[in-house]
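Here the structure comes first, spelled out in structure tokens, and everything after it is commentary.
The values are calculated or read from the model by the stated rules, or taken from the named source; none is laboratory data. Here the structure is a predicted model, which means the values were calculated and not measured. For neighbour counting, all protein chains shown are included, and Cβ atoms are generated from backbone atoms with ideal geometry for every residue, glycine included. Side chains are part of the model used for accessible areas, which takes the heavy atoms of the whole protein and leaves out ligands, DNA and RNA. Shrake-Rupley method; radii C 1.70, N 1.55, O 1.52, S 1.80 Å.
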Amino acid sequence: MSDTALLTVRDLAIRIRGAQRNLVEEVSFSVAPGETLCLVGESGCGKSLTALALMGLLASPPLEIAEGAAEFEGQDLLTLPRTERAKLSGNRMAMIFQEPMSALNPAIRIGEQIAESVRRHQGLGHREAEARALEMLRRVRIPAPEKRLREFPHQLSGGMRQRAMIAMALANDPALIIADEPTTALDVTIQAQILDLMRALRDEAGTALIMITHDLGVVAEMADKVAVMYAGRVVEAGPMAEIFANPQHPYTIGLMSSMPSFGARTERLVTIPGMVPPIATMAPGCRFASRCPFRAAQCAQVPPLTALDGHSVACWRAPLERLEEPA
Ligand SMILES: Nc1ncnc2c1ncn2[C@@H]1O[C@H](COP(=O)(O)OP(=O)(O)OP(=O)(O)O)[C@@H](O)[C@H]1O
Ligand SMILES: [Mg+2]
């Protein structure tokens, strides 16, 4: 992990209080200013829980952080008192959700929501805050921004609402944005526009971005670094180009071979036989073993994330080149 990291997560573990198995465990990564890290994996692998834990938004109880640290600008996000936490959220760090209505208040006009956030965090006056709201709607390229400012969320189209949520997330110039499947609910054309917009805004402001997606097409377009998650653990991580050129975990290889092309963003990555089994009932050892064509006796032990060819992989059998293709 680099010294220049903006956020460094170490050994994050999340569990349901009293449960035997952690839902998320030993998750470590870092992200530097201007850098984009993609968290990738199938449904249920713990991507959203990881994001929510960092934002202080875990449904607690029943969920709790069992272990770990997340250092952000010199503070540990995971142990921050509630009041300190509240100062960061929507300010130094902001989250973009798949469903904009989970971030927008349906009863408050768009402009007022953005202005309120700016007033709260930057102490701007009424006028200035409203001017900032208008500027933000322009920056996310919402047409007729003066008119949209005075509208309620339901009066906007899905793509426009997504832009409004991005405007709100960016209004206080956050150092870090966490985006959880921000384009999954949108049609392909709008998806592409939103991704372009996010990339442009990230590059303009030098914002660090953690992008959560199940879509390798999005990863190819956005990521500098990738962490592939399976059933709550990171199974492979490293620079995006390296992971795409030289995937080593059987799960990553399966994800990639299930992509018809990196351009096709609409399909869910579910062509690896089987599904992620419920974490509570998993056998000890490698969590992917029940679906893995390469499993062997040693997979009854959890494989540690180990450096290999410029990235890291958690598989006893890597490198896989020398193994025979399974029948
Ligand atoms: N509030 C909760 N109580 C109990 N279990 C939960 C809760 N929230 C999530 N889980 C479980 O934690 C695991 C990880 O869930 P998470 O939402 O992080 O997955 P995800 O990778 O974001 O999936 P998706 O791609 O579907 O969004 C799942 O097995 C899920 O059932
Ligand atoms: Mg999720």
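Here are some notes:
- For peptides 42-51, 11-20, 164-173, sequence by mean Cβ density within 10 Å, most packed first: 164-173, 42-51, 11-20
- The simple Förster model, with R0 at 41 Å and r as the Cβ-Cβ distance, assigns R127 and A69 a FRET efficiency of 0.50.
- Accessible surface, segment 43-140, averaged per residue in Å² (probe 1.4 Å): 49 Å²
- Length available on full extension from E151 to E84: 0.36 nm per residue minus the Cα-Cα distance, which gives 20.9 nm.
- Filtered chymotrypsin sites (Phe, Trp or Tyr not before Pro), segment 1-108: DSSP coil and at most 11 other beta carbons within 10 Å: none
- Highest GNM mean-square fluctuation among R233, R163, R109, for the chain modelled with Cα contacts below 10 Å: R109.
- Close amide H contacts of L7 (hydrogens built in the peptide plane, cut-off under 5 Å, sequence separation of 5 or more or a different chain): V31.
- Integer Hz, Karplus 6.51/-1.76/1.60 couplings in order for segment 235-241, x for Gly and Pro: 9, 7, 8, x, x, 4, 4
- Backbone HN-Hα couplings from phi across segment 293-305 [Karplus 6.51/-1.76/1.60, Hz, Gly and Pro as x]: x, 9, 5, 9, 4, 5, 5, 6, 9, 5, x, x, 5
- Folded to 0 to 90 degrees: helix 158-170 orientation relative to the chain principal axis, Cα: 80 degrees
- DSSP beta bridge pairing in the chain, given as percent antiparallel to the nearest 5: 60 percent
- Accessible surface of segment 8-151, 1.4 Å probe, proportion on carbon and sulfur as whole %: 50 percent
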